[in-house]
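To start, the structure itself, in structure tokens.
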Amino acid sequence: MLYYFLVPLAKDHILFNVFRYLTFRSFMALITALVISLLIGPPLIRRLRRWQHGGETVREDTPERHRGKRGTPTMGGVVILTAILATTLLWANLKNRYVWVAILATLGFGLIGVWDDTAKLRTRRGLSMRVKLGTQVLLTLALLQIVWWQPPSAWLPVLAIPFFKGWLINLGWLWIPFALLVIVGASNAVNLTDGLDGLAIGPVIMAGGAFGIIAYLTGNFKAADYLKILNVRGAGELTVFCGALIGAAIGFLWFNCHPAEVFMGDAGSLALGGAIGTLAVLTKAELLLPLIGGLYVVEAVSVIVQVASFKLTGRRVFRMAPLHHHYELSGWAEPKIVVRFWIVSFALALLALTTLKLR
Ligand code: 57M
């Protein structure tokens, strides 16, 4: 919004020219989202605690040390959503189609999460997997139409292979189900990971930073040409969205660090995963997502391996899945698990960025 109103003033006052710069607006978005989340966090958490009459219940089969978490309010994701959406509307160029796809993905997945969280609080069961997945698929297909048809973008179905400069695969219409899998998969992988204080939100900060850099480079013709990556005109504006994502995530971490005052709920985990998956698709970094969101992938794969092994052999591979519970039952303290998982996540995000040069 500020872009729309202030950039035209640069004709009379050169100072307003600064609002034209992506770097300035992205940095200001990070600061704005951080301040918003820190300011609205306390009153919202108090309201969630009051409304939830003692917060989340903890399942019987959850590791013993989670018993003390009973009563922690959930749906703290509303803090994250508010900070991201308000900040992006304030600092991004709202004539940019990709910004709207990112906003609608975050809001849409977040509303599905709110629906599931309120159902869980009311009935302790939540939405059925069929309803939850079905609404996610319909939302994602609707979003993909926005980028697929207006105008038809030649680069969209093309996948760039990391490490191999110039190796491109054109999926054609198959890109639609592929992009659907990326976005819905990312959303549910973050959801599975959100099982320890700060565990899911930390890697969001790293993913926001990595995708912010990738969006900036992908949207910059000279940089994309130099790095031999796909140039997506207009994708650079997603850097502002990534600034908001990072700021909101840091602000939420202030309340979600151990011992957590609030859980993000599906309202946060589905929204953040949907946002990260959408960023990967819009910046043509789909094949880098398994690195940038490496922790989420490992957590989801640990569940798949555990369930498959149990069904096929009757034996578990891990003490408990997702992987963070395995380390809990191995005696690791919660903060130790979280910080070590963050370190791995950070290293994987850095590795992903090096592939932009090592090609
Ligand atoms: C999402 N939710 C947390 C909180 C958060 C198929 C199976 C792998 C599904 C999986 C499952 O139920 N996943 C749901 C994980 C829950 O967190 C809530 O959910 C929101 C995220 N969607 O925002 O509202 C609990 O996690 C803890 N927590 C924190 N700090 C946080 O900041 O401590 C969350 C956020 C919270 C709190 O205790 O209540 C969760 O763990 O349910 N199931 C599991 O993950 C279960 N694993 C399991 O059953 N493994 C089996 C098979 C199925 C693979 C096996 O290993 O044999 C574990 N989770 C629970 N109980 N609750 C273990 C059993």
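What the table shows:
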item	result
Test for Glu334: is it buried (at least 17 other Cβ atoms within 10 Å of the Cβ), more than 30 Å from Pro43 (Cα to Cα) and of a type in the set (Asp, Glu)	no
Residue identified as closer than 30 Å to Ile169 by Cα, part of a helix (DSSP H, G or I) and of a type in the set (A, V, I, L, M, F, W, C) among Ile214, Ile246	Ile214
Failed criterion for Arg67 (all others in (1) outside any helix (DSSP H, G or I); (2) surrounded by fewer than 19 Cβ atoms within 10 Å (Cβ to Cβ) hold)	(1)
Among (1) more than 24 Å from Leu133 (Cα to Cα); (2) within 16 Å of the ligand (Cβ to nearest atom), the one test that Gly274 misses	(1)
Ala210 vs. criteria over 30 Å from Arg130 (Cβ atoms), crowded, with 21+ Cβ neighbours inside 10 Å and touching a residue at least 40 places away in the same chain (Cβ under 8 Å)	yes
Of all residues in segment 114-136 being surrounded by fewer than 14 Cβ atoms within 10 Å (Cβ to Cβ) and away from the ligand (no atom under 13 Å from the Cβ), the one that is nearest to Arg49 (Cα to Cα)	Arg122
From Val301, Val297, residue being surrounded by fewer than 18 Cβ atoms within 10 Å (Cβ to Cβ), at pLDDT 95 or above, of a type in the set (A, V, I, L, M) and under 20 Å from Ser345 (Cβ atoms)	Val301
Extreme residue, nearest to Asp225 (Cα to Cα), among residues of segment 126-177 that are among the β-branched types (Val, Ile, Thr) and assigned to a strand (DSSP E or B)	Val158
Residue in segment 277-299 that is within 16 Å of the ligand (Cβ to nearest atom), farther than 21 Å from Ala200 by Cα and out of contact with any Ser or Thr (no Cβ under 8 Å at 6 or more places or on another chain) present	no
Selection from segment 121-161 of residues that are in contact with a Phe, Trp or Tyr (Cβ under 6 Å, 6 or more places away or on another chain) and not hydrophobic (A, V, I, L, M, F, W, C)	Pro157
Only listed residue being over 14 Å from Ala267 (Cβ atoms) and more than 16 Å from the ligand (Cβ to nearest atom), chosen from Leu144, Leu199	Leu144
Hits in segment 86-113 (condition: more than 13 Å from the ligand (Cβ to nearest atom), crowded, with 19+ Cβ neighbours inside 10 Å and in a helix (DSSP H, G or I))	Thr87, Thr88, Leu90, Trp91, Tyr98, Val99, Val101, Ala102, Ile103, Ala105, Thr106, Gly108
Of all residues in segment 67-79 being within 25 Å of the chain's Cα centre (by Cα), within 11 Å of the ligand (Cβ to nearest atom) and not small (Gly, Ala, Ser), the one that is farthest from Val262 (Cα to Cα)	Lys69
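For every residue, the table says whether it meets (1) touching a Leu at 6+ places or on another chain (Cβ under 9 Å); (2) surrounded by 13 or more Cβ atoms within 10 Å (Cβ to Cβ); (3) in a helix (DSSP H, G or I).
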{"site": "Arg25", "(1), (2), (3)": "yes, yes, yes"}
{"site": "Ile31", "(1), (2), (3)": "no, yes, yes"}
{"site": "Leu39", "(1), (2), (3)": "no, yes, yes"}
{"site": "Thr62", "(1), (2), (3)": "no, yes, no"}
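The values are calculated or read from the model by the stated rules, or taken from the named source; none is laboratory data. Just so it is clear, the model here is predicted, and its values are computed rather than measured. Virtual Cβ from ideal backbone geometry, glycine too; neighbours counted across all protein chains shown.
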